Structure formats: structure tokens, C-alpha cells
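Read through the structure below, which is laid out as C-alpha cells, and then see the notes.
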Amino acid sequence: VAERIRCELEALTIDGPEGPLKVTASLGVATVQGPGCEHSAQILFERADAALYAAKRAGRNQVAMAA
């Protein structure tokens, strides 16, 4: 889903004051590890945030999964 969102955004062009602007996005994704694993919303947010910054460090405009 995150990759589809990224692709849709990348296909957009916005009219800017100095001409067309391309839209890109970096996304970080985290999931619950499975049944019985308790993850608070805060832990999931922190893992997704870390994945987002990994995507940015890797060159931006991509999706990174939390490790």
C-alpha cells in the first residue's frame, strides 16, 4: 500500500510559481510482529519513524520497512 501511495504521488505535478513541481515521498512502515507480541502505539510509531529516516538516508522517494 505504501509503495502504491508513493507511486501515485510521484506521478503528480503541481503548478508552482516558477513552473511545474514534482511530488515525491519517503515513507516508513512498521507492523505488529505477530500474535502475542504486544506493541504499544508509541513503539510502532518509533519503528515507523526510524524506517522513514532510513528511507531518507537511502536517497529519498522510497518506502522502508522497520527492521
| field | Of all accessible heavy-atom area on the chain, the percent that carbon and sulfur account for (1.4 Å) | value | 58 percent
| remark: Per-residue ellipticity at 222 nm attributable to helices in the chain (runs of n ≥ 4 DSSP H, -39500 (n - 2.57) apiece, nearest 500 deg cm²/dmol) works out to -12500 deg cm²/dmol
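Rounded to the nearest 0.05, what FRET efficiency do Ala11 and Gln62 have when you use their Cβ-Cβ distance and R0 = 25 Å?
Once the sixth-power term is evaluated, E becomes 0.95.
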| Nonlocal amide H pairs with Ser26, under 5 Å, H built at 1.01 Å | Asn61, Gln62
| remark: Regression test value, accessible area per residue of the chain, probe 1.4 Å, units Å², expected 75 Å²
| query | Put +1 on the Cβ of every Lys and Arg and -1 on every Asp and Glu Cβ in the chain; which of Ala58, Val23, Phe45 then has its Cα farthest towards the positive end of the dipole? | reply | Ala58
| Looking at the chain, which GluC sites (Glu not before Pro) are in a loop (DSSP not H, G, I, E or B) and have at most 16 other Cβ atoms within 10 Å? | Glu18, Glu38
| field | Full-stretch length increase - Gln33, Ala50 - with 0.36 nm per residue and alpha-carbon distance subtracted | value | 4.5 nm
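The values are calculated or read from the model by the stated rules, or taken from the named source; none is laboratory data. The shown structure was predicted, so the numbers you read here are calculated from the model rather than taken from an experiment. Don't worry about glycine lacking a Cβ; one is built from the backbone with ideal geometry, like all the others, and counts go over all protein chains shown. In case anyone asks, the SASA skips ligands and DNA or RNA and just uses the protein heavy atoms, side chains included. Shrake-Rupley method; radii C 1.70, N 1.55, O 1.52, S 1.80 Å.
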